[in-house]
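Here is the structure we will look at.
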Amino acid sequence: MNEAATGPSSAMISAISDLWRLRPPGPDNILAHPAFERLREACRDDYPNAGKKGPAFALSTALRALGLPCGLQKETAHLALPVEEAAKGLDAALRATHAKRIHLVPLDLAADLPSIAFGPAKLGRLAADELRTLVDGTRLKRLYPRQDFDAERFSEFHWLVVEETVALEQEPEARAVPVLFMDLSRDLGQIEPHEGRFPGAVEEALFFLLLAPWESWSTMAEVDWRGFRVPWVYTVDSDIFVRLNTPPSPDTLSWEDRIYDDGNGGTYEEERPVELRLEDAAATELPVWDQSRWAIVEQAKQSVLFETPVVHFLVRAPGGGR
């Protein structure tokens, strides 16, 4: 491709136009469709990082993320991007050298906590619309039309949101299906004793957060010394060659039924998140754990004391970060 050229080629736009004309449910094997093969060739020929053969599974994933019409259900047909926008989106993805990953970490059992920010992370409550934006709700709906991300219920919890920027050093196919690009010469049975449960950026943020004196704030230390648990992490990758995971369910978090007096002799019942109550001091002391404290901890981690897997054992200790 001419280095001065920008935007999708006419060959790419033509191939995408033909694919966009396919009627649902589309061909049994879209990877073998002539228009798909032409598009794959255009990617291979025009983009140096597209791989020797061009993307296949990765290209299929990207097209569905962009709203390939034949891959949509009747109720989500309106989510298909126009051909020109889809072509620009694919072109931008093939040119990208970095991607942004947003890790959404629910703080299950957390009581009312003040909002804080440190390093690449922010802790606080998120409105339903904020959550929909973070999970790229439109892209998620294109991929999983029958599985809803219940932002309204999720908005009742506190969240730790960790952002990281990663270099895209592998071709799209390797990012989409990494198992096909594994180094089979290495010992696949090798045990990594300190392998993290969550992405590295999340474990670093959890380690920092767990350094706060939760054991002093806890009013239910016999249940848990911290003020929260982390049952899972949901990661949204801006790289459209990487398929988003199925949306999690709010039912994986802790709820309880609460009954209230309506003031007129009756009662009403609602479902609310379970909370581990904290001492009032948490509201004034937790904000100290901000960017300046993060910088201090980052500097301390350069010490020889951290040559041992301190972070691993605190985050992975019984109940730690879980």
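Figures for the structure shown
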quantity	calculated
Set of segment 244-285 residues, backbone N closer than 12 Å to the point 7 Å along the Cα-Cβ line of Arg125	273
Additional length obtainable on full extension of the chain from Asp290 to Asp261, 0.36 nm per residue less Cα span	6.4 nm
Estimated vicinal HN-Hα couplings, Hz - segment 257-264 in sequence order (Karplus 6.51, -1.76, 1.60; Gly, Pro = x)	8, 10, 10, 10, 7, 7, x, 10
Label-point gap, in nm, between Glu298 and Glu41 - each point 7 angstrom along Cα→Cβ	4.9 nm
Cα-based shape type of segment 123-182, given that a ≥ b ≥ c are square roots of the gyration tensor eigenvalues and the cut on a/c is 1.5	oblate
Gaussian network model of the chain, Cα within-10 Å springs - most flexible of Asn264, Asn29, Asn245	Asn264
Pairwise label distance in nanometres, Arg146 with Glu270, each label 7 Å out on the Cα-Cβ vector	3.3 nm
The chain - share of DSSP beta bridges that are antiparallel (%, nearest 5)	95 percent
Whole-Å semi-axes of the ellipsoid equivalent to segment 27-162 (Cα gyration tensor, √5λ, descending)	35, 19, 11
Note, ³J(HN,Hα) from phi for segment 70-77, Karplus 6.51, -1.76, 1.60, rounded to Hz, x at Gly and Pro	6, x, 9, 7, 4, 6, 10, 4
D_trans [Stokes-Einstein, Kirkwood Rh over alpha-carbon pairs] for segment 110-151, 10 °C, 1.306 mPa s, µm² s⁻¹	131 µm²/s
Percentage relative contact order, the chain, counting C-alpha pairs under 8 Å, at least six apart	22 percent
Segment 277-290 - phi-based ³J(HN,Hα) in whole Hz, Karplus 6.51/-1.76/1.60, Gly and Pro as x	5, 10, 5, 4, 4, 4, 5, 9, 8, 5, x, 5, 7, 10
Cα principal axis extents for segment 33-72, largest first, Å	30, 19, 14
Cα Rg over Rh - segment 204-276, Kirkwood	1.13
The chain - percent of accessible surface contributed by carbon and sulfur, probe 1.4 Å	51 percent
Calculated Rg and Dmax of segment 6-72 using C-alpha coordinates, Å	11.3, 34
Simple spin-label estimate for Asp18 and Ser249 in nanometres, 7 Å along Cα-Cβ	4.3 nm
Positive dipole terminus of the chain, leading residue within Ala62, Leu305, Pro231 (C-beta point charges)	Ala62
Centre separation in Å (Cα based) which lies between segment 228-295 and segment 126-158	15 Å
For the chain: Kirkwood Rh in Å [reciprocal of mean 1/r, alpha carbons]	22.6 Å
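The values are calculated or read from the model by the stated rules, or taken from the named source; none is laboratory data. Just so it is clear, the model here is predicted, and its values are computed rather than measured. In this analysis, Cβ positions are derived from the backbone assuming ideal geometry, glycine residues included, and neighbour counts consider all displayed protein chains. Heavy atoms of the whole protein, side chains included, go into the accessibility calculation; ligands, DNA and RNA do not. Shrake-Rupley method; radii C 1.70, N 1.55, O 1.52, S 1.80 Å.
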